[in-house]
Structures are given as structure tokens and as C-alpha cells.
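The values are calculated or read from the model by the stated rules, or taken from the named source; none is laboratory data. Keep in mind it's a predicted model, so treat the numbers as computed, not measured. A quick note on method: Cβ atoms are made from the backbone with ideal geometry, for glycine too, and the neighbour counts reach across all protein chains shown.
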Amino acid sequence: MSFTLRLTTPPVALALMAMLAGGTMLPARAANPPDQATPLALTAIMRDLGKDMQEVTDGIAREDWPAVAQRAARIADHPQPPLAEKLRILAFMGKDAGHFRDYDRQAHDAAQQLAQAAQRQDGAAAIAAFANVQGACLGCHQQFRQPFREHFHAPR
Ligand code: HEC
């Protein structure tokens, strides 16, 4: 890149060029303006996941294994945001999208193991799987929650 180009190219274009070149000059999200026009379906999906996790804890405490299995299956097969929203999210995440998918898959797999343990009425295995589900929730939140809030939610 020549000196002249650098002087006359707006910062956003430079950031995009760095992104396309796979450069690490700026994180991908720095090139994206905030996207706050439409609230995310993802937020409501997450709230439901939170409720389902609470019901799982309650079910384990009561050893109500059918209830645990049912909630765990809901967690494993949680709804997805509509396609248009997925595209907004993908555009925002750029090259971090793979990590996001990995966390989603981890949560899914651990929730399936939780459902299976509950079907076997195997309390210890259920608790171990539950911890793995929580680990996937936490991992994704630690990496993505704050940037999502900043990008998709209007400041209050
Ligand atoms: C693949 C990434 C990912 C995984 C896995 C994930 N979350 Fe989230 N979660 C998010 C993001 C991103 C936000 C922030 C969304 C927002 O602010 O709109 C969020 C926000 C939330 C919130 C707050 C919603 C609100 O009202 O602001 C709750 C509750 C939540 N998640 C629960 C869970 C639970 C429980 C799990 C595990 C079963 C889980 N999440 C797994 C990405 C994830």
C-alpha cells in the first residue's frame, strides 16, 4: 500500500482492506457501524435458555428426571434467529463466527448428554453434563456478550 493511498483512503475503507487481507490491524467489528434498528430475536432465545437452565436445576433438586430430560432437549434444540438476523450477526462477527458456532455446538452436545443422563436417571452424569452446558454458555458470553450489546443495543 502506497503512502498516498494511505493518506487519501478513509479509515473505514482501510479497516475493510485490512480485514480482506486477513490483517490484524483492526478487529473486524471496528469496521462495522452499530446495527440497532431491529431488536435481536437472539436476546429472547437467550432468555428462554436461561429459564430452561433454571428448570433443569429445579428438576435435578427434585430428581424429576422426565422434567430434566424435557428441558435439556429444549436447550439442545433451541430455536434459531431468522435468516436475516443470522446474516446481521455473521456480518458483525467476521472471522470470529467460527468460535461462536463452536460454543453453540458445545452447548448443544452437552445438553443432549444431559437429556440422555436424565433418561437413564443417572444423577451424577446429569450434573457433570449440566456443568458442561454451563461452561459453553459462559465461554460464549465471555467472548461475545459485551461486543453484541455494544453493537446491537442502543445505549440507555
Ligand atoms: C454461541 C454463543 C452463546 C451461547 C452458547 C449461549 N449464549 Fe447466551 N448470550 C449470547 C449473546 C451474544 C448474548 C447477548 C445477547 C444480547 O445482548 O442481545 C447472550 C445473552 C444471554 C442472556 C441475557 C439475555 C438478556 O435478557 O439480556 C441470557 C440469560 C443467556 N444468554 C443465557 C444463556 C444460557 C443459559 C446459555 C447456555 C445454555 C447460553 N446463553 C448460551 C451468546 C450465547
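Kindly check whether there is at least one residue in segment 129-149 that is at pLDDT 95 or above, over 18 Å from THR57 (Cβ atoms) and away from the ligand (no atom under 12 Å from the Cβ).
Taking every residue of segment 129-149 in turn, none turns out to be at pLDDT 95 or above, over 18 Å from THR57 (Cβ atoms) and away from the ligand (no atom under 12 Å from the Cβ).
Among the residues of segment 126-156, count how many are in a loop (DSSP other than H, G, I, E, B) and not small (Gly, Ala, Ser).
Residues meeting the conditions: 3.
State all residues of segment 98-123 that are within 8 Å of the ligand (Cβ to nearest atom) and closer than 18 Å to VAL56 by Cα; if no residue qualifies, say none.
Hits for segment 98-123 are GLN106, ALA107, ALA111.
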